[in-house]
Amino acid sequence: MSDSVRPMIELLYARQTDDLTSSDQFRALEEGRLSREGYDQFVANVIRAHRHSPQLLAFLFALAPPVARERVKRNLLEEMGIEDKAAHPALLVRLAEGVGLAPALTELDRLSQEMLRVAASQRLQFGTLKEIGLAVMVEVFAFEYMLSKTADRIAKALAGHRGLDATALEWFTHHGVMDKRHAEEAFATIDDYVTYYDIPLVEALNIAEMSMRVNPFTTRYFSELPLAQLKAMSVC
Ligand SMILES: [Fe+2]
Ligand SMILES: [Fe+2]
């Protein structure tokens, strides 16, 4: 048996990404069958899911093993815009502006922060921080994998069916390119982590499966948000 968890985790990621892209909602998004509100709801969900991405990467950086530290640090600095042309949460502001949700950003940020609060307040599923760290890592890196495959498709759909321009869509087009590298690095970092913290392979795979048991992509991107309320904030 290989001592790398990559094959199994890649399979998990590929399966959940397929579930996303073959879901009714994703197909409707690509085929232009969502209402205008449906597209805006999707965009609001993406903003909520990713506005606090630097905080999640900072958590992973804190636990990164020495051999992976530089790699995770560069990813974090790119996310913050220190080693990239713009901070990624700032690109989400342009996306919000594109669909007229800029005035609702404070509320979207509150909802995004609330997601972190709920996640941090849950009864712990695992007994040690190294296990929790692996579960968070598997889920955060899953988004890099999924976006490396879907971000360009989503950008094309939002341009064609919601009329968003290149500036508004830069968060997607940027991740479509950059997350190809990040997804590759993610597999190396997960292997480094499992080795450094001496987590038995079977246990690591168990944790990975548990953290991906519910599809994080469809859950985050297609949940109900109080769009009417958010839009109301946009006109006052
Ligand atoms: Fe990013
Ligand atoms: Fe990334």
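Quick note: the coordinates plus some simple rules give every number you see, no bench work behind them. This structure is a prediction, so every number in the text was calculated from the model and none was measured.
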Chain lengthening between THR128 and THR21 when straightened (0.36 nm per residue, less Cα-Cα): 35.1 nm
Rounded tilt (10° steps) of 129-162 against the dominant C-alpha axis of the chain: 30 degrees
Square roots of five times the Cα gyration tensor eigenvalues for the range 134-235, Å: 32, 18, 10
Shape parameters for the range 6-235, alpha-carbon atoms, Rg then Dmax in Å: 17.4, 54
Reach of LYS85 by Cα under 18 Å, taken over lysines that are not fewer than 8 positions away in the same chain: LYS73, LYS180
Principal-axis tilt of helix 105-121 within the chain, Cα atoms, nearest 10 degrees: 30 degrees
Spatially proximal lysines relative to LYS231 (Cα-Cα < 26 Å; intrachain offsets below 8 disregarded): LYS156
Cα long-axis angle, helix 170-196 against the chain (0 to 90 degrees, to the nearest 10): 20 degrees
Relative contact order %, the chain, counting alpha carbon pairs below 8 Å whose residues are six or more apart: 35 percent
